[in-house]
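Okay, so here's the structure we're looking at.
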Amino acid sequence: MKIHEYQAKALLARHDVAVPRGEAVFSAPEAGAVARRLGGRVVVKAQIHAGGRGKGGGVKVAGDAAEAERIAGEILGMTLVTPQTGPGGRVVRRLLVEEALDVSTELYLGVLVDRSAGRPVMMASASGGMDIEAVAAATPEAIYRVHVHPGLGLAPFQARRLAHAVGLTGRPAREAAAIVGRAWDAFAACDASLVEINPLVVTAAGAVLALDAKVTLDDNALFRHADLADLRDPAEEEPLETEASRHALNYIRLDGDIGCMVNGAGLAMATMDIIKLSGGEPANFLDVGGGANADQIRNAFRILLSDAQVRAVLINIFGGILRCDVLAAGVIAAVRELGVEVPVVMRMEGTNVEEGRRMLEDSGLNFTTADTMGEAARHAVAAAGQAPAP
């Protein structure tokens, strides 16, 4: 679960990470009032769940309260398009107004789970303020990494090592090392999957602060953090993904036109790969899970078809816990209830597969069945190519 920058900074501040003074606002007059309270120059920052806001015109400096109010009025309600939002962009509904700092150095600090190493990794770079992905691709040696033992936590010497690795000395190095340790504390305490401070800045006076912050929380651990679960902003999430989560379905919308319904994340990934190998583009990742019932299948079908881009559906199920006859009953009910018009390709194997196939044949509905994944993908790609454009 992603949260906004101002929420991430508040979370870090609980762990004594220094952040600029600022407040979240929802209207232009509020922005002016906050600017007056802060005094002097302020920065008005659009709050959306995406980076690159400054390049899209969502971060601007105001010299006084009147200018802050004017800028806030321009940004609020705009559709902000950045490399991370996609071409559709995101509507700005809230802002962060905070004091402008005299910055002398911009650094990068992040902690996330390194799945290849099986433990968290803390990363630091002197190339702060830039897209860390671009830095990693062009100059990977500019990113310094320290793996953290999940049981022992971050050792003080590791924090000092990262601070010195990015070229800091003296007081800034000591403050930065302290922030490294506190960022780890925040990561561990809130069960995060990502804590990123970019940039971590050193001011002209030698103070070290988190000028920007991004925190992603592990949804699976939110039952331990009721206060953090309340930070969710549904307006920033894909509506179909939000709807899917209400039915315990794992759904991620993509850009293609072949809807996929699969049980098991690995099988879902393989299904998307074979669709692309066959010359098509998947419209989504949809994992109904191993223990899905007919009602979940019906809801999954409804969510899948709510995407207007879908021109064909490929259902690829291995019936282990989810029996093939249960799958067939759910699909048949969904097609009849929703009046499905797009072609549906079915490939299923496993428990009660013959019964499931018989149910499909007896339904009187126009299903295309396949014995292999490759055959199913080719049928789906051909069907999507023949379907009318949405």
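The values are calculated or read from the model by the stated rules, or taken from the named source; none is laboratory data. Just so it is clear, the structure is predicted and the values come from calculations on it, not from any experiment. When we count neighbours, we look across all protein chains shown, and the Cβ atoms used for this are built from the backbone with ideal geometry, even at glycine. Only protein heavy atoms, including side chains, enter the accessible area calculation; ligands, DNA and RNA are left aside. Shrake-Rupley method; radii C 1.70, N 1.55, O 1.52, S 1.80 Å.
Do we find a residue being among the hydrophobic types (A, V, I, L, M, F, W, C) and free of Cβ contacts under 8 Å to residues at least 24 places away in the same chain anywhere in the stretch 10-32? Step through it out loud before you land on a result.
Pass one, the stretch 10-32, residues among the hydrophobic types (A, V, I, L, M, F, W, C): 10-13, 17-19, 24-26, 28, 31.
Narrowing the set further to residues that are free of Cβ contacts under 8 Å to residues at least 24 places away in the same chain leaves 10, 13.
Yes: the stretch 10-32 contains one or more residues that are among the hydrophobic types (A, V, I, L, M, F, W, C) and free of Cβ contacts under 8 Å to residues at least 24 places away in the same chain.
Here 268, 226 are screened, and the one residue that is among the hydrophobic types (A, V, I, L, M, F, W, C) and under 19 Å from the mean Cα position of the chain (by Cα) is 268.
Every condition in (1) aliphatic (A, V, I, L, M); (2) at pLDDT 80 or above; (3) surrounded by fewer than 17 Cβ atoms within 10 Å (Cβ to Cβ) holds for residue 387 except the one numbered (2).
So, in the stretch 239-256, of the ones that are open to solvent by 40 Å² or more (accessible area, probe 1.4 Å) and in contact with a strand residue (DSSP E or B) (Cβ under 7 Å, 6 or more places away or on another chain), which residue ends up modelled with the lowest pLDDT? Before you say what the answer is, go through the steps one by one.
Keep residues of the stretch 239-256 that are open to solvent by 40 Å² or more (accessible area, probe 1.4 Å), which gives 239, 241, 243, 245-248, 250, 252-255.
From what's left, in contact with a strand residue (DSSP E or B) (Cβ under 7 Å, 6 or more places away or on another chain): 241, 250, 252-254.
Values: 241: 80, 250: 85, 252: 88, 253: 86, 254: 88.
So, considering only residues that are open to solvent by 40 Å² or more (accessible area, probe 1.4 Å) and in contact with a strand residue (DSSP E or B) (Cβ under 7 Å, 6 or more places away or on another chain), the one modelled with the lowest pLDDT is 241.
Residue check: is residue 234 more than 16 Å from residue 314 (Cβ to Cβ) and not polar (S, T, N, Q)? Steps first, answer last, please.
On the way: more than 16 Å from residue 314 (Cβ to Cβ): yes; not polar (S, T, N, Q): yes.
Considered against the rule, which asks whether it is more than 16 Å from residue 314 (Cβ to Cβ) and not polar (S, T, N, Q), residue 234 comes out as yes.
Every residue, every condition in (1) polar (S, T, N, Q); (2) assigned to a helix (DSSP H, G or I); (3) open to solvent by 30 Å² or more (accessible area, probe 1.4 Å); (4) touching a residue at least 24 places away in the same chain (Cβ under 8 Å), yes or no:
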position	(1), (2), (3), (4)
122	no, no, no, yes
129	no, no, yes, yes
134	no, yes, yes, no
137	no, yes, yes, no
141	no, yes, yes, no
146	no, no, no, yes
151	no, no, yes, no
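When the stretch 312-324 is examined, which residues are found to be touching a strand residue (DSSP E or B) at 6+ places or on another chain (Cβ under 7 Å) and open to solvent by less than 50 Å² (accessible area, probe 1.4 Å)? Residues satisfying the conditions are 312, 313, 314, 315, 316, 317, 319, 320, 324. When restricted to residues that are part of a helix (DSSP H, G or I) and surrounded by 14 or more Cβ atoms within 10 Å (Cβ to Cβ), the stretch 195-227 contains 2.
Going by what's in this entry, would residue 98 be described as charged (D, E, K, R), in contact with a Pro (Cβ under 7 Å, 6 or more places away or on another chain) and in contact (Cβ under 8 Å) with a residue 60 or more places away in the chain? Answer is yes for this residue.
Being hydrophobic (A, V, I, L, M, F, W, C), open to solvent by 50 Å² or more (accessible area, probe 1.4 Å) and out of contact with any strand residue (DSSP E or B) (no Cβ under 9 Å at 6 or more places or on another chain) is a property that residue 365 lacks.
For the stretch 51-66, a tally of residues being surrounded by 14 or more Cβ atoms within 10 Å (Cβ to Cβ) and in contact (Cβ under 8 Å) with a residue 24 or more places away in the chain returns 8. Return yes when residue 8 is under 26 Å from residue 251 (Cα atoms), open to solvent by less than 10 Å² (accessible area, probe 1.4 Å) and at pLDDT 95 or above and no when it is not. Yes; evaluated as a whole, the condition is true for this residue. Pairing each residue of the stretch 348-375 that is touching a residue at least 40 places away in the same chain (Cβ under 8 Å) with any residue that is open to solvent by less than 30 Å² (accessible area, probe 1.4 Å), provided the two are 6+ apart or on different chains, yields C-beta distances under 9 Å for 373/271; 373/316.
State yes or no: is residue 338 among the aliphatic types (A, V, I, L, M) and open to solvent by 60 Å² or more (accessible area, probe 1.4 Å)?
On the way: among the aliphatic types (A, V, I, L, M): yes; open to solvent by 60 Å² or more (accessible area, probe 1.4 Å): yes.
Spelling it out, residue 338 is indeed among the aliphatic types (A, V, I, L, M) and open to solvent by 60 Å² or more (accessible area, probe 1.4 Å).
Residue 349 falls short on exactly one of the conditions (1) crowded, with 19+ Cβ neighbours inside 10 Å; (2) modelled with pLDDT of 85 or more; (3) in contact with a strand residue (DSSP E or B) (Cβ under 6 Å, 6 or more places away or on another chain), and that condition is (1).
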